[in-house]
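Down below is the structure, laid out as structure tokens.
The values are calculated or read from the model by the stated rules, or taken from the named source; none is laboratory data. Please read all numbers here as calculations on a predicted model, not as lab measurements. Ideal geometry is used to build each Cβ from the backbone, glycine not excepted, and the neighbour counts take in all protein chains shown.
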Amino acid sequence: MQFPLSPRNRKSPFYEAQIRHGMTHFSIYNHMVLPVSFGNLDAEYEALMERVSLWDVGAERQVEVVGPDALTLIQYVSARDMSDCRIGRVRYAPLCDNDGIMLNDPMILKLAEDRYWISIADSDVLFWCKGIALAKGYDCKIFEPDVSPLAVQGPRAEDTVADYLGEWVRDIPFFGFEDIEHDGIPMLVCRSGWSGQGGFELFLQDGSRGLELWDAVWKAGEKYGIHPGAPTSLERIESGLFSYRGDCGGSATPLEVGLEKYLSLDRQDDFIGKEALLAEKERGSSRRLVKVLLSGDRMQFSSEHPWPAFNSEGQKVGEVRMASWSPLHDSNLALALVSTSVVGGSFFTETPEGEKLEATHLSMFPE
Ligand code: THG
């Protein structure tokens, strides 16, 4: 099977560097190419855990909201209170529809009192926000700016970025950022990234400088053993980072997938989904995302399809969403969205090849 890329599948400003480093696997994210692997998942995992890994995450698009009603729009679409967020800080903030179903789980960056970037996961938040602003008559501009994040992750990420940009970056707090220009390249330097190993994201603000930025970070990271990589489905499950669509298929609420601590349900002001989420919290969720160990042989890449989950009586109780081999647990590790009736116990799943596997409870996600 081939996957012919076309101009519809946008490439990031770092794309040529991915080809140069021998990218072997990619995915499509926000209609763009998102690198997945350079052919050796073990080496990529090791570089992330022990050294430093450089990721083209340009597919994490920004939705810029600017103008007098920018905060009003942000507050209405975000289930997390952003009203007391300071300039230069980021919050992880689920967006929901009126039924409380999560539409995206972006990071929201506050650039100025009247200017925000919604750094999105894989769904069309631009259209959602434009539609809401139009219907509500909000006075703000909503567009996709020329911004592409490059992630530097791993225990030597800070040394790498400090060698490139200066020692001052060590003082940037988690989910804090600075808007700078370095050697004429405009970028926002943020301590963030979709791994539990620490690091930075450089939000490039001029797509024509992508390869220059990639090469400069690469050069700084060489003495720390920098390696080309990508967000890994394995490490992020181990670290408890949620993947919108991957973990829920676009039909779950943030309460079901363990994101309650990122919701501000006691807010005075209204936001989309508030009533539904409060009602769900009151009656208790009927499903929950859990981390489980899966029996069976070592899997290579993460599973392609969700697999059905069954209880011991053979009744369907949900889905195994993502499964991957975990060196940390020396077992296959999976995330499953299942009925609360089996949460905490074991259940079964069946692969497309007809193999029956047992799932043993490890923890609630994201703990
Ligand atoms: N970087 C940028 N944009 C993004 C992502 C990113 N957009 C899409 C996707 N990732 C959004 N999802 C997440 C999920 C988790 C985190 C960040 C983005 C995260 N969570 C921390 C945790 O759970 O420990 C901290 C959350 C907090 O304390 O507020 O970092 O990676 N640019």
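What are the residues in region 193-215 that are over 16 Å from Ala230 (Cβ atoms) and part of a loop (DSSP other than H, G, I, E, B), if any?
Result: Gly198, Gln205, Asp206.
Scan region 263-297 for residues that are of a type in the set (S, T, N, Q) and over 25 Å from the mean Cα position of the chain (by Cα) and jot them down. Step through it out loud before you land on a result.
Pass one, region 263-297, residues of a type in the set (S, T, N, Q): 264, 268, 285-286, 295.
The answer is Gln268, Ser295.
Let me spell it out: the conditions are (1) within 10 Å of the ligand (Cβ to nearest atom); (2) part of a strand (DSSP E or B); (3) among the aliphatic types (A, V, I, L, M), and Ala121 meets all of them except one. Which number is the exception?
Failing condition for Ala121: (2).
Tell me which of these Gly67 doesn't satisfy, since it passes every other one: (1) touching a helix residue (DSSP H, G or I) at 6+ places or on another chain (Cβ under 8 Å); (2) at positive phi.
All conditions pass for Gly67, except number (1).
Please specify each residue of region 176-197 satisfying the condition of being more than 16 Å from the ligand (Cβ to nearest atom) and under 19 Å from Val57 (Cα atoms). Steps first, please.
Filtering region 176-197 for residues more than 16 Å from the ligand (Cβ to nearest atom) gives 180-186.
Result: Ile185, Pro186.
Which of the following residues is modelled with pLDDT under 95, away from the ligand (no atom under 16 Å from the Cβ) and surrounded by fewer than 21 Cβ atoms within 10 Å (Cβ to Cβ): Gln75, Gln2?
Working: Gln75 fails: modelled with pLDDT under 95.
Step by step, each of Gln75, Gln2 is checked, and only Gln2 is modelled with pLDDT under 95, away from the ligand (no atom under 16 Å from the Cβ) and surrounded by fewer than 21 Cβ atoms within 10 Å (Cβ to Cβ).
Looking for whichever is out of contact with any Cys (no Cβ under 7 Å at 6 or more places or on another chain), on the phi < 0 side of the Ramachandran plot and in a loop (DSSP other than H, G, I, E, B) here; the options are Ser53, Ser12. Which one fits? I'd like the intermediate steps shown before the answer.
Values: Ser53 fails: in a loop (DSSP other than H, G, I, E, B).
Within the list Ser53, Ser12, the selection yields Ser12.
Report every pair of residues separated by at least 6 positions or lying on different chains whose Cβ atoms are under 9 Å apart, first residue within region 76-89 and touching a residue at least 60 places away in the same chain (Cβ under 8 Å), second part of a helix (DSSP H, G or I) and of a type in the set (Ser, Thr, Tyr).
Ala79/Tyr262; Arg80/Tyr262
Quick test for you: out of Asp139, Asp146, Asp206, pick the one residue that is surrounded by fewer than 16 Cβ atoms within 10 Å (Cβ to Cβ), modelled with pLDDT of 95 or more and away from the ligand (no atom under 16 Å from the Cβ). Before the answer, list the steps.
Working: Asp146 fails: away from the ligand (no atom under 16 Å from the Cβ); Asp206 fails: surrounded by fewer than 16 Cβ atoms within 10 Å (Cβ to Cβ).
Going through Asp139, Asp146, Asp206 in turn, the sole match is Asp139.
Can you pull out the residues in region 5-28 that are crowded, with 20+ Cβ neighbours inside 10 Å and either of a type outside the set (A, V, I, L, M, F, W, C) or farther than 19 Å from Asp122 by Cβ (or both)? Write out each step before concluding.
Taking region 5-28 and keeping what is crowded, with 20+ Cβ neighbours inside 10 Å, we get 12-15, 17-18, 26.
Within region 5-28, Ser12, Pro13, Tyr15, Ala17, Gln18 meet the criteria.
When you go through Gly229, Gly249, Gly221, Gly273 one by one, which is the residue that is crowded, with 22+ Cβ neighbours inside 10 Å, at positive phi and not hydrophobic (A, V, I, L, M, F, W, C)?
Details: Gly229 fails: at positive phi; Gly249 fails: crowded, with 22+ Cβ neighbours inside 10 Å; Gly221 fails: at positive phi.
Step by step, each of Gly229, Gly249, Gly221, Gly273 is checked, and only Gly273 is crowded, with 22+ Cβ neighbours inside 10 Å, at positive phi and not hydrophobic (A, V, I, L, M, F, W, C).
Name the residue that is surrounded by the most Cβ atoms within 10 Å (Cβ to Cβ), counting only residues in region 311-367 that are under 23 Å from the mean Cα position of the chain (by Cα) and not in a strand (DSSP E or B).
Phe365
When you scan region 245-257, do you find a residue that is among the acidic types (Asp, Glu), closer than 21 Å to Ile120 by Cβ and touching a residue at least 40 places away in the same chain (Cβ under 8 Å), even just one? Show your work before the answer.
Our first condition is that a residue be among the acidic types (Asp, Glu); within region 245-257, this holds for 247, 256.
Next cut, closer than 21 Å to Ile120 by Cβ only: 247, 256.
Still in the running and touching a residue at least 40 places away in the same chain (Cβ under 8 Å): 247, 256.
Yes; the residues of region 245-257 include at least one that is among the acidic types (Asp, Glu), closer than 21 Å to Ile120 by Cβ and touching a residue at least 40 places away in the same chain (Cβ under 8 Å).
Pick from region 14-69 the residues that are out of contact with any Gly (no Cβ under 7 Å at 6 or more places or on another chain) and of a type in the set (Gly, Ala, Ser): which of them is farthest from Gly246 (Cα to Cα)?
Result: Gly67.
Being in a loop (DSSP other than H, G, I, E, B), modelled with pLDDT of 95 or more and away from the ligand (no atom under 16 Å from the Cβ) narrows it down to one residue among Gly131, Gly100; which is it?
Details: Gly131 fails: in a loop (DSSP other than H, G, I, E, B).
So the residue among Gly131, Gly100 that is in a loop (DSSP other than H, G, I, E, B), modelled with pLDDT of 95 or more and away from the ligand (no atom under 16 Å from the Cβ) is Gly100.
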